[in-house]
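K.L.:
Structure incoming, see below.
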Amino acid sequence: MGPDRHEQQPELPLGLNARTSPVVPKIVDPRQGHDGGGAGGAPIAFLQVPEGDFTVAALESIARGLLDAIGCAKLAGQIKVHWNRRLRTTAGLACYTRLMVSLNPRLIAFGMEEVDRTLRHELAHLLARSRAQRQRIQPHGPEWRQACIDLGLTDEKRCHELPLPRRRVERKHVYRCRNCHLEIRRVRPFRRAVACLKCCRAFNRGRYDERYRFVKSEPGARS
């Protein structure tokens, strides 16, 4: 997640602000959006904006109403919602430390129903964490599932299945186990010594052994 910007004007799709409804300044396929190469993600325009109030004020009102209805007035009074143009393949994020739900502006292209579902999905994360207090819980464990039900989502899945554009990342760092020659590829290099789990389990009772450490190599090479 990017730097803390919740004190600044909320990020919204192009043509949206806290008090007006969407306008369509240019034609862009809503399934692709428009990135424009900007470092922080350029404003997104839509071919056709579906009906609904997608303003931050309206979404926060929905969120607070849902939480108030199940007796979580304190959380309802602190919750924040914003549109995050940095999100690409992620539909939404929940940040408990700031009690904030971040939504991907590309959701607007799929209509208010999808925006509302994603909002509830992320609210459930905050609700589950709030109920658990200092107890550690799994992100999509039983506490989250119960929170989903309380917020009106039944049989909610962990991940969305929306056709959001995906970015291919080259895994250019290649490592190989010197013993079994298992090859793994990574986007980022290892920052510390890492050994082959299979070999460590087979020959050293699962403990780290330098003999089975992954070494960097060229793709396709044999050690």
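None of the figures in this text is laboratory data; all of them are computed from the coordinates on show. Values in this document were obtained by computation on a predicted structure and should not be read as measured data. Cβ atoms come from the backbone with ideal geometry, glycine included; neighbour counts cover every protein chain shown.
K.L.:
Taking only C-alpha pairs under 8 Å that are 6+ residues apart, what is the relative contact order of the stretch 173-216 in percent? Intermediate results must be reported in sequence, preceding the final value.
P.N.:
Values: 61 pairs, mean separation 20.7, N = 44.
Dividing the mean separation by the residue count of the stretch 173-216 yields 47 percent.
K.L.:
Evaluate E = 1/(1 + (r/R0)^6) for Lys198 and Gln135, where r is the Cβ-Cβ distance and R0 equals 30 Å; express this FRET efficiency to the nearest 0.05. Mind dumping the intermediate values first?
P.N.:
Working: r = 34 Å, r/R0 = 1.14.
The computed FRET efficiency comes out at 0.30.
K.L.:
By count of other Cβ within 10 Å, fewest leading, how are Thr90, Thr154, Thr118 ordered? Provide the component values of the computation, followed by the final result.
P.N.:
Working: Thr90 16, Thr154 7, Thr118 21.
Lowest to highest Cβ neighbour count: Thr154, Thr90, Thr118.
K.L.:
Over 16 Å, how big is the tail of the calculated P(r) for the stretch 173-216, in percent of all Cα pairs?
P.N.:
On the way: 276 of 946 pairs.
Roughly 29 percent, rounded to a whole number.
K.L.:
As a footprinting exposure proxy, order His173, His121 by other Cβ within 10 Å, with the fewest listed first. Please report the intermediate quantities before stating the final value.
P.N.:
Details: His173 15, His121 24.
Starting with the residue having the fewest Cβ neighbours, the order is His173, His121.
K.L.:
Evaluate the charge dipole of the stretch 71-223 about its Cα centre and quote only its size in Debye, nearest 20, assuming +1 on the Cβ of each Lys and Arg and -1 on the Cβ of each Asp and Glu. Working shown, then result.
P.N.:
On the way: 36 positive and 14 negative charges, 245 e Å.
It comes to approximately 1180 debye.
K.L.:
Quick one: net charge of Thr118's neighbours, Cβ under 11 Å, K/R +1, D/E -1? Walk me through the intermediate numbers first.
P.N.:
Working: positive: Arg106, Arg117, Arg120; negative: Glu113, Glu114, Asp116, Glu122, Glu156.
Cβ neighbours under 11 Å give a net charge of -2.
K.L.:
For Lys172, go through the lysines and keep the ones whose alpha-carbon is under 16 Å away, minus same-chain ones fewer than eight residues off.
P.N.:
Hits, sequence-local ones excluded: Lys216.
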